[in-house]
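We did not get these values from a lab; they are worked out from the coordinates using the rules stated. Only a predicted model underlies this, so the values are computations on that prediction, with no experimental measurement involved. Positions of Cβ are backbone-derived with ideal geometry, glycine not excepted, and every protein chain shown enters the neighbour counts.
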Amino acid sequence: MNRWEINKYGFVNFWLFDKEEIKTYGGNLLLTGENGSGKSVTLQSFIPLIFDGNTSSRRLSTEGDNSRQIEYYLLYGDKKETISYIYAELVKENDNGNKEYISLVIGMKLKQGQITPKKWFSIIKNKRIGKEIELYSYNSEYIEPFDKSELKKKLENQNVNFEFYEEASEYKQAVNNNIFGFKNIDEFEETIDLIVELRQPNLRDNTGFDPKYI
């Protein structure tokens, strides 16, 4: 394993989840369940959002329409204001046979009446969320996700090796630099666009692309 693989996905205060981790096997994830059980939400919430921070409705919906907007996940139920996180931990084996970890983290803050959430982005290296660091504080009743400044201060105080961004474009470039290594950002964006196309449930009907000819 000499390339980065997604090791786990995580939610904090997102949709129905207070906090949840979904582990993969060798970078692979198989989701099964009845309609409405959350399979599409998990898919929409991470791929490719975690790689470029684009929360537009057409990117969130596997159908490529406006049926899902980010506020649906952030202000689900009767929430008036919220701070939420999604993250993905990636792992690879280095030349010495030791495992290296890197986490892609997106924080979002939204109030009712706002069109788009405020977002911040972190790339955390060799400190594992849920083990050495957390994205929230906890009392006996509920979790309290850190806001942008609190998270940054926590990471600094714990001497974590991290990168911090407030613009999705800068974060996307950093993800490419740290994970994918494309020579230019256009190649990275083309790969993300391909992921979006392949994610569609009716791939053959919508694109003319028939997987049996691969």
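Seen from E150, the other residues with C-beta closer than 13 Å to its C-beta sum to a net charge of +1, counting Lys and Arg as +1 and Asp and Glu as -1. Residues whose amide H comes within less than 5 Å of that of K8, counting only those at least five positions distant or on another chain, are T24, E89 (H built at 1.01 Å from N in the peptide plane).
Compared with the rule-of-thumb size 2.2 N^0.38 Å for a compact globular protein, segment 86-151 has a Cα radius of gyration ratio of 1.38. Protection proxy ranking for 101-112, 78-89, using the average of other Cβ atoms within 10 Å per residue and placing the highest first: 101-112, 78-89. Other residues within the sphere of radius under 9 Å centred on the Cβ of Y171, judged by their own Cβ, net out at -3 (K and R +1, D and E -1). Each residue of segment 81-97 was assigned a 3J(HN,Hα) from its phi angle through the Karplus expression (A = 6.51, B = -1.76, C = 1.60, θ = phi - 60°), giving 7, 7, 10, 10, 9, 10, 8, 9, 9, 10, 9, 8, 9, 7, 5, 8, x Hz with x at Gly and Pro. Overall shape: oblate for segment 44-200, with the ratio a/c of the largest to smallest alpha carbon gyration tensor axis at 1.5 or above and b/c at least equal to a/b. Cross-linked pairs K99/K183; K23/K183; K92/K152; K79/K131: Cα-Cα separations exceed 27 Å for K23/K183; K79/K131. Residues in segment 105-110 carry Karplus couplings, in order, of 10, 10, x, 9, 10, 8 Hz; the curve used is 6.51 cos²θ - 1.76 cosθ + 1.60 with θ = phi - 60°, and Gly or Pro positions show x.
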